[in-house]
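The numbers here are math on the coordinates, done by the rules we state, and not lab data. On a predicted model such as this, the values are computed, not experimentally measured, just so you know. Heads up, the Cβs are rebuilt from the backbone with ideal geometry, glycines too, and the neighbour counts pull from every protein chain shown.
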Amino acid sequence: MIKVIALLKAKPGLSRAAFIAYYETRHAPLILSLLPEIADYRRNYVDRAGAFESAVAAVDFDSVTEMRFANRAAYDRFLACAGQPDVAQAIADDEENVFDRAATRMFVVDETPATGLTAPALADLAAERAIRDGLARFARILDGKQWDALGDVFADDLTFDYGLGEQVGMAALTANMRRFLDVCGPSQHLIGSMMITVDPGAITATSRAYVQARHQRASDPLGPVFDSNGEYIDRWERRPTGWRIVRRDALWQTQSGEAGVIYPPA
C-alpha cells in the first residue's frame, strides 16, 4: 500500500464553509473521476478553534488530504494519468477556484499502524463484510439477469478466466454471463464456504468461495436442469466506489444434467 498526504491551503478570501463545500461537491468528485487509481481518498479539515498554535510554526493549511493506492504500480499509473496534459489542465483549472496553489505540499509517507489490534481488526472485519455482501450481490445479479448491475461487484478493468481463456473488461464479462444465462430459464447460484484474506492496510484482499449453480430449461418448469459446481478465486481492491473484484478465476469441478439447458443449439 502506498499513502500520499497533501497539505492544502484555501484560496484567499474563501471561508471555511465555502472551502469545504466546494472541495466536497466539486473538486473531490472531479479528482475521483479523472484519477480512478485512488483506492481511498480522505479530506481532514483543520478546525482553527481547536488547533494547537505554535509560535515557531503556524498552521498554514486548511486540509490534510490522504490518498491511498493498492500498490506501487497503481501509484505509478496515478502519476502517469495525472501527468497527461488534458488531465493536468483540468485539475489545475479547478484548483484555482479553491486552493492557494503556491502553498500546496504533497508527499509519500510510510504509515505505521497503531500497536493495538482494534483499528486493524475493525478494518479487516469491515472489508470481510463488504466482500461477503459483494459475492451475495453477484449471485442475485446473475439470477435476476441484471446485467447493468455487474459494476456493483466488478471493476471495469477486471481480468477473468471462466475456463474459456483469459478475458479483460466489463463488456467481455457481461457477454460471458449472457452467453449461457440468456439461454436458460430460472437459475439459482449458491455461494458459500468463503475464505477471505484481507491484506495489511485493508485495501486489497483475496477470497475463495464455493459456487453451486442450478439452471432450468426456459419455459419448462418441470423439465431438465443443469448443475455446475466449482470455486471462485477473486482478487479484490477497495476503490472509491467500494470493494470491487479486479481478478476472477472460476474453477469448475463437476457438471451434471442436461447441458442443452445453458448451451445454445449448434
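Could you give the size of the charge dipole of the chain about its Cα centre, using +1 on the Cβ of each K and R and -1 on the Cβ of each D and E, expressed in debye and rounded to the nearest 20?
300
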Any GluC sites (Glu not before Pro) in region 97-178 that lie in a DSSP loop and have at most 10 other Cβ atoms within 10 Å would be 166
Can you tell which of 255, 112, 18 lies farthest toward the positive end of the dipole of the chain, using +1 and -1 charges on the Cβ of basic and acidic side chains (Lys, Arg; Asp, Glu)?
-> 255
When the Kirkwood radius is taken over all Cα pairs of region 194-263, what Stokes-Einstein diffusion coefficient follows at 10 °C and 1.306 mPa s, in µm²/s?
-> 113
Aspartates and glutamates near residue 3 by alpha-carbon distance under 16 Å, same-chain residues fewer than 8 away left out - which ones?
-> 37, 40, 66, 76, 110, 111, 199, 237
Assign one of three labels to region 2-109, namely rounded, prolate or oblate, based on the Cα gyration tensor with a ≥ b ≥ c the square roots of its eigenvalues; rounded applies when a/c is under 1.5, prolate when it is not and a/b is larger than b/c, and oblate otherwise.
-> prolate
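Quick check on the chain: helices-only [θ] at 222 nm, where DSSP H runs of length 4 and up contribute -39,500 (n - 2.57) each and the sum goes over total residues. Nearest 500, please.
Working: 6 runs with 75 residues, N = 266.
For the chain, the value works out to -9000 deg cm²/dmol.
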Treating only the Cβ atoms of Lys and Arg (+1) and Asp and Glu (-1) as charged, compute the dipole magnitude of region 118-261 about its Cα centre; round to the nearest 20 debye.
-> 200
Antiparallel content of DSSP bridges confined to the chain, in %, to 5 = 95
D (Stokes-Einstein, µm²/s), Kirkwood Cα radius, region 118-261, 0.890 mPa s at 25 °C | 155
What translational diffusion coefficient, in µm²/s and rounded to a whole number, does the Stokes-Einstein relation yield for the chain at 10 °C and a viscosity of 1.306 mPa s, taking the hydrodynamic radius as the Kirkwood radius over Cα pairs?
-> 74
Which value, in debye to the nearest 20, gives the size of the charge dipole of region 2-109 about its Cα centre, when Lys and Arg are +1 and Asp and Glu are -1 at the Cβ?
-> 240
Projected area, mean over directions - region 214-255, Cα convex hull, nm² = 4.5
Would you work out which of 180, 230, 123 lies farthest towards the positive end of the dipole of region 118-261? Charges go on Cβ: Lys and Arg +1, Asp and Glu -1.
-> 123
